[in-house]
1. I'm told residue 124 meets every condition in (1) exposed (fewer than 13 other Cβ atoms within 10 Å of the Cβ); (2) at pLDDT 90 or above except one. Can you identify the failing condition by its number?
2. Can you tell me how many residues in segment 284-303 are farther than 17 Å from residue 171 by Cα and within 32 Å of the chain's Cα centre (by Cα)?
3. Which number in (1) farther than 19 Å from residue 42 by Cβ; (2) more than 53 Å from the chain's Cα centre (by Cα) marks the one condition that residue 69 misses?
4. Conditions first: (1) over 30 Å from residue 187 (Cβ atoms); (2) modelled with pLDDT of 95 or more; (3) in contact with a helix residue (DSSP H, G or I) (Cβ under 7 Å, 6 or more places away or on another chain). Residue 341 passes all but one, so which condition is the exception?
5. Identify, please: which residue in segment 191-221 is surrounded by fewer than 17 Cβ atoms within 10 Å (Cβ to Cβ) and farther than 26 Å from residue 285 by Cα and is, among those, nearest to the chain's Cα centre (by Cα)?
6. Give segment 1-12 a look and list any residue that's part of a helix (DSSP H, G or I) and exposed (fewer than 12 other Cβ atoms within 10 Å of the Cβ), or say none.
7. Looking at segment 78-97, which of the residues that are assigned to a loop (DSSP other than H, G, I, E, B) and touching a residue at least 12 places away in the same chain (Cβ under 8 Å) is nearest to residue 111 (Cα to Cα)?
8. Please state which one of 177, 107 is free of Cβ contacts under 8 Å to residues at least 40 places away in the same chain, buried (at least 16 other Cβ atoms within 10 Å of the Cβ) and farther than 30 Å from residue 225 by Cβ.
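The values are calculated or read from the model by the stated rules, or taken from the named source; none is laboratory data. Nothing here was measured: the structure is a model prediction, and the numbers come from that model. Here Cβ is always computed from backbone atoms with ideal geometry, including for glycine, and neighbour counts include all displayed protein chains.
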């Protein structure tokens, strides 16, 4: 693609040219020419095959009369009116040929060119909008890349010798504790209790458990299959109906409920209650911990809740963000990125992209939406 600024300027210039050309005639006058042109060509199309040669003499006379009346009825100040008069002259003969019709059509070329201005203006506007959209997209791309480079530079400024273990160890301990507690809960709780738990988590948007499907929820809350644990449900779903008779009163209902929800049940795990590494910002992690503690308190022992509270306390450390940024830098920065930071390549690219963004943004202000 050529330079987007040049493209936009050119598209704007073409729009102005087309608007100026139409303004010479006026919008209403141009529409009147378009109406007259379409009426004339409609008469040509309608009578050409019948009014030529030794064909239908009545059609010949009817065509000449109608076209003559049509031209006489045109406003005297209609742009390109003389084109219609020349077309009438082309067919003012005792006998018409296809060539006469061709001459008449060619005589209307000035009117046709005026009519074409409307389509040309629309095409110019579409080109302008498309070009401006391309510039807008480029600005969006630049914003994204600049933000990425600024983030890279922030990581490059991190203290890589910072003791990130002060965060890592309590977070790992909390994750291990919650994973173990949830595994025990999944193993021991009835599936009804599990559904009730998962339903309750819907009130905690930061803890992103998938809500149970409605058909599964209804079955486990209302049938004796809800007395089974999740592992038992997954196992029993593959039993024959005769074998299932020993465990539930309605084997067919259990199979129907579990058949389409087996993957959902199999994927229930503690992941929504575990903490990513590197962790989120202090405020974000603190809010998450508050919800996680409320959710985990429904099944986890006190010592597990205490682990989560330790992580929540970490977010109040004065050096939390410094340690977190150091952890992110260690985790995210590649050797190549470190080399680019050290050589100044990142700063050079930032300067170049910011300059390009400024020019394109100024262009979008100069050439507004149409």
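1. Residue 124 satisfies every listed condition except (1).
2. Of the residues in that region, 0 qualify.
3. Going through (1) farther than 19 Å from residue 42 by Cβ; (2) more than 53 Å from the chain's Cα centre (by Cα) one by one, residue 69 breaks only (1).
4. (2)
5. 213
6. Our first condition is that a residue be part of a helix (DSSP H, G or I); within segment 1-12, this holds for 4-12.
Once the filter is applied, which keeps residues that are part of a helix (DSSP H, G or I) and exposed (fewer than 12 other Cβ atoms within 10 Å of the Cβ), segment 1-12 yields only 6.
7. Applying the first criterion (assigned to a loop (DSSP other than H, G, I, E, B)) to segment 78-97 yields 78-80, 91-95, 97.
Now narrow it down to the ones that are touching a residue at least 12 places away in the same chain (Cβ under 8 Å): 78-80, 91-92, 95, 97.
Details: 78: 10, 79: 8, 80: 6, 91: 17, 92: 20, 95: 26, 97: 23 Å.
Ranking the candidates gives 80 first.
8. 107
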